[in-house]
Amino acid sequence: METLQIEDDEEWAQAEGVPALSEPFIQKYMQGRDALVAQEKRQRSDHAFRQTLSPMAAEACSIVAQIRFQEQQTIWTSDLEDSLAEEGDVFPGMMFTMAKERMEKTKLWQIVRKMPKGALLHCHLEAMVDLEWLVEEALRTDGLHMSCAESFATPEARQSCNFRFQYLKSSQAETVLPWSESYTADHLVPLHRTADSFPDGGRAGFISWLKARLTITHSESVSHHLGPNDVWRKFTSIFEILGSLVYYEPIFRAFIRRMFQQLLDDGVNYVELRAAFCFRYYKVGSETPEEGYEACLGVLDEEIEAFKRTEAGKEFWGARMIWTTLRSFATRQIIESTSLSWKSATLRNGH
């Protein structure tokens with residue numbers, strides 16, 4: 001049947017005067033097209049580099065190109081997906097939050113992840129944290145408490161109201177939990193008690209809820225009808241909450257060491273971090289935030305050098321900090337922040 005169909009199509013094309021691929025003027029067009037593509041490739045920034053590749057490197061490029069082409073045909077398309085109704089359309093260049101899980105299963109991702117990258121020159125410090133690890137580390141850290149801007153008795157309040165974490169040496173034996181309607185705003189409650197009493201699934205439910213509050217979820221990332229301000233408010237609140245955990249010294253030290261190891265595992269040997277220096281940094285066992293950021297940057301410097309001395313970190317080149325200030329600040333705050341940054345110039349790489 002297929003052979004007959006092809007023959008019928010060819011006869012129809014001849015009868016309608018459709019040009020065949022073998023005709024001279026079609027071949028001339030194809031040659032001109034190929035020449036134009038070749039000319040464009042010669043103008044690319046990596047053309048000279050590609051011309052000097054070793055035979056092994058050229059073969060590696062060819063293998064990766066074949067893998068990329070194959071995965072374009074089999075992974076980044078909805079044509080072969082039985083789960084299309086559940087997943088929606090799938091295509092190269094789709095939104096990152098929708099593609100991430102699928103991307104991380106590809107051969108191309110595994111290749112890219114292992115390739116040497118040298119330096120990472122732009123990353124926001126708080127956003128580098130592994131949320132799964134951070135939540136577990138917070139629950140393991142002695143003395144951490146949680147406070148909320150108001151009672152979290154309703155699902156609506158738990159979804160949108162602010163909260164933070166802080167170390168306390170001791171707490172009251174009997175405290176009203178944030179999930180109670182009688183909770184007093186900004187009252188600090190032991191984190192382990194807060195987690196265990198979460199009204200929707202206990203500690204496991206609390207961990208899931210906290211991770212959702214610290215992430216732009218899939219549904220939030222595609223809720224375009226709410227406008228940009230809604231997701232931007234969520235984004236801003238995430239950094240405030242993360243900062244109250246990350247900038248407590250025991251967690252900060254552990255986080256920095258883990259981040260350096262993860263960067264090295266991904267082929268990154270040097271990193272330039274950036275943070276908005278308006279957070280409160282607490283030394284271990286302290287209930288009072290430090291004045292200035294010398295202590296925080298001192299700990300960062302210690303951890304950089306300590307990691308470089310380890311067997312695992314011997315290939316790590318180091319890290320620097322870019323001091324940033326929020327443009328929403330008043331002029332005086334920006335100038336004062338700039339002045340303060342010059343007093344902490346040991347690791348500062350820019351402002």
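Quick look at the numbers
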quantity	calculated
Residue that is in a loop (DSSP other than H, G, I, E, B), more than 26 Å from the chain's Cα centre (by Cα) and in contact (Cβ under 8 Å) with a residue 40 or more places away in the chain, where the choices are SER341, SER286	SER286
Of all residues in region 242-265 being closer than 17 Å to GLU132 by Cβ and surrounded by fewer than 18 Cβ atoms within 10 Å (Cβ to Cβ), the one that is nearest to the chain's Cα centre (by Cα)	GLN262
Condition broken by LYS114, with the remaining ones in (1) surrounded by fewer than 13 Cβ atoms within 10 Å (Cβ to Cβ); (2) farther than 25 Å from LEU297 by Cα; (3) in contact (Cβ under 8 Å) with a residue 12 or more places away in the chain; (4) within 17 Å of the chain's Cα centre (by Cα) satisfied	(4)
Qualifying helices (runs of 4 or more DSSP H) (wholly inside region 130-200; at least 2 residues being under 30 Å from PHE260 (Cα atoms))	131-140, 191-196
Number of positions in region 126-157 that are in contact with a strand residue (DSSP E or B) (Cβ under 9 Å, 6 or more places away or on another chain) and touching a residue at least 24 places away in the same chain (Cβ under 8 Å)	12
Selection count, region 169-202, where residues are surrounded by 19 or more Cβ atoms within 10 Å (Cβ to Cβ) and small (Gly, Ala, Ser)	1
Subset of region 71-103 (residues that are out of contact with any Phe, Trp or Tyr (no Cβ under 7 Å at 6 or more places or on another chain), at pLDDT below 65 and assigned to a loop (DSSP other than H, G, I, E, B))	ASP79, LEU80, GLU81, ASP82, SER83, GLY88
When residues of region 4-46 are limited to those that are of a type in the set (Gly, Ala, Ser) and in a helix (DSSP H, G or I), the one surrounded by the most Cβ atoms within 10 Å (Cβ to Cβ)	ALA13
Any chance ALA127 is under 27 Å from GLY318 (Cα atoms) and not in a loop (DSSP other than H, G, I, E, B)	yes
So ALA312, is it more than 21 Å from HIS122 (Cα to Cα) and either assigned to a helix (DSSP H, G or I) or at pLDDT below 95 (or both)	yes
PHE279 being assigned to a helix (DSSP H, G or I) and aromatic (Phe, Trp, Tyr)	no
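The values are calculated or read from the model by the stated rules, or taken from the named source; none is laboratory data. Worth saying up front: this structure is predicted, and the values here are computed from it rather than measured. Neighbour counts run over all protein chains shown; Cβ positions are idealised from the backbone, glycine included.
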